[in-house]
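Read the structure below first, then the notes.
The values are calculated or read from the model by the stated rules, or taken from the named source; none is laboratory data. As the structure is a prediction and not an experimental result, all values here were calculated from the model. Because the Cβ atoms are built from the backbone with ideal geometry, glycine has one as well, and the counts that use them run over all protein chains shown.
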Amino acid sequence: MTRLPVIKIDLSSIKDSQELHSTLSNVLGFPDWYGQNWDAFWDAITGLVEMPITLQLSGWDIFSEHLPQDARLLQQCLTDMTLNYPDLAPEVHYMSTSNILPPTHQ
């Protein structure tokens, strides 16, 4: 299976941990039985799904301010993946809302 080049996830409107895990599960293609917790997230990204080459997490500033513990744990899992499985880990871009440009109209 070929890794997707880029997956983008907008975290700016995430309200709670349950919504975060549901969004991550849906966008990254976790199995239906995904456990919706950080241990299950680690298991999924390191053994159940193929991560993209690049993972863009937009709205990081809003998300990390609203849910600091989940932001820290998500970042830690992705950092640990890079350290432990560098060939499988995505390059992660933590993008603030100021990094997101509106679409251009032609």
Requested in this report: Among the candidates ASP87, ASP61, ASP39, ASP70, single out the residue that is loosely packed, with under 15 Cβ neighbours inside 10 Å, more than 20 Å from LEU4 (Cβ to Cβ) and modelled with pLDDT of 95 or more.
Outcome: ASP39
Query - Residues of segment 1-49 satisfying the condition of being within 19 Å of HIS66 (Cβ to Cβ) and in a helix (DSSP H, G or I) - result: SER17, GLN18, GLU19, LEU20, HIS21, SER22, THR23, LEU24, VAL27, TRP38, PHE41
Requested in this report: Kindly indicate which of THR46, THR23 is among the hydroxyl-bearing types (Ser, Thr, Tyr), touching a Phe, Trp or Tyr at 6+ places or on another chain (Cβ under 7 Å) and at pLDDT 95 or above.
Outcome: THR46
Report task. Take segment 90-103 and flag every residue that is crowded, with 16+ Cβ neighbours inside 10 Å and under 14 Å from SER12 (Cα atoms). Result -> TYR94, MET95
Query - Exclusive hit being loosely packed, with under 15 Cβ neighbours inside 10 Å and either within 13 Å of the chain's Cα centre (by Cα) or closer than 14 Å to CYS77 by Cβ (or both), set ILE14, ILE53 - result: ILE53
Report summary line: THR79 fails exactly one of (1) farther than 18 Å from ILE7 by Cα; (2) exposed (fewer than 13 other Cβ atoms within 10 Å of the Cβ); (3) within 12 Å of the chain's Cα centre (by Cα), namely (1)
Query raised in the report: If ASP32 satisfies every condition in (1) in contact (Cβ under 8 Å) with a residue 40 or more places away in the chain; (2) over 18 Å from SER96 (Cα atoms) but one, which is the exception?
Result: (1)
Query raised in the report: Do we find that VAL92 is part of a helix (DSSP H, G or I), in contact with a strand residue (DSSP E or B) (Cβ under 6 Å, 6 or more places away or on another chain) and modelled with pLDDT of 95 or more in this structure?
Result: no
Report summary line: By residue number, the members of segment 15-61 that are more than 20 Å from ASP87 (Cα to Cα) and among the polar types (S, T, N, Q) are SER17, GLN18, SER22, THR23, SER25, ASN26, GLN36, ASN37, SER58
